[in-house]
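Report on one structure; see the data block that follows.
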């Protein structure tokens, strides 16, 4: 069975890690025997692996090496970011990655790990959720249709819901206005001219000799001074009877030519 | 990044369907569901880790989208807008398993158990199918992704797994495209360390 370059690279990586089955090991041997480039690549990977092993055994960097260590970390991160962008399909990143790979051959293995991770994650991501999509679609549509129908049937309720607060607010405003006007007294009216009427209501027919009685009726504007003037001849004996909101008043005109109320 | 011809066409179709829905044609929204249901469920599933919660979030997301469709300023961006809703609801769901009123979803909508999803997917990763290893690796990947910081997890799921365009992922995460690349890189770096035994 033919295998592609990526699978071959994977087999080589597994062989270096000592994780090949006997069957896979045989297959790798056959492929390497037929392909000089693959053999060269395999040798390169083994050397890299040895180098990484040696590097891994080194003591932790001391203070003198700190700057170089930080710089190395930074360069490595830049290289890893370039690998990630290549995996994203960003063409420009391929140049960045090539530059990093040229400077540090160790990065080939790193790129291999990232590619492998990407394949594994994508493969895992291709697993379909165990959902009956047709039935879910029907359920979602039913939900939306019910929502839409609810919107239409709710129009009268919506109107009530919208206008009830407005009506309540208007009622409150009216009540508040009435209360305010009552608290402040009756509404102010434009004062008009005072009106005074009088009528001769006496003496009664049964006693024609009795004193004549004149009845006054006042219709005064609220802000007008409560004052009315009645004039009668001095000593005429006319009784002035005043009715109105001040209550009845009677005062004989004897000796009085001007009555002020 | 320039949108491809197909993306442009998809956006125009979305805009037309949104317009129809706003005019009262509910079937327009049915079509939007048809177009985005799988992706919405899949994103929620990757973020929540189980199908039942994913369906619940998906249903809630479509309902919210329908209710607030008028607020969508650019109808051509319905897809990213919906995915943002799905992502946010999924994250909220994770934070407090029940923050909003749950919408019950029938178990009959599940097409099978969530355990034992087979090992076929391993073949596409260049690995020999192995039921036990598939299960173990699947759990390890799921756990590693769930432990990522939110933005890294979203960026990885939306871009590297669901294949959503970086620009749209940036819209969803409300960040720049460069930030999306950085989040994806950080996520990959963490996964590489956590899954080193399998790589």
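Under the criterion of Cα pairs below 8 Å and six or more residues apart, the relative contact order for region B:121-199 equals 29 percent. Approximating the spin labels as points 7 Å out from Cα along Cα→Cβ, the residue A:103-to-residue A:147 distance works out to 5.3 nm. Between residue B:175 and residue B:15, what length comes free when the chain is fully extended (0.36 nm per residue of separation minus the Cα-Cα distance, one decimal in nm)? Difference between extended and current length: 55.2 nm. If I take R0 = 41 Å and measure r between the Cβ atoms of residue A:30 and residue B:196 in this structure, what FRET efficiency does the formula 1/(1 + (r/R0)^6) give, to the nearest 0.05? The formula returns an efficiency of 0.90 here. As a calculated quantity, the FRET efficiency between residue B:91 and residue A:21 at R0 = 41 Å, using C-beta atoms, amounts to about 0.45.
Label zone of residue B:162 (point 7 Å out along Cα→Cβ, amide N under 19 Å): in region B:19-52 this covers B:30-52.
Read-outs throughout are calculated quantities, based only on the coordinates presented, and are distinct from any laboratory measurement. These numbers were taken from a predicted model, which means no experiment stands behind them. Note that we place each Cβ from the backbone using ideal geometry, even for glycine, and neighbour counts take in every protein chain shown.
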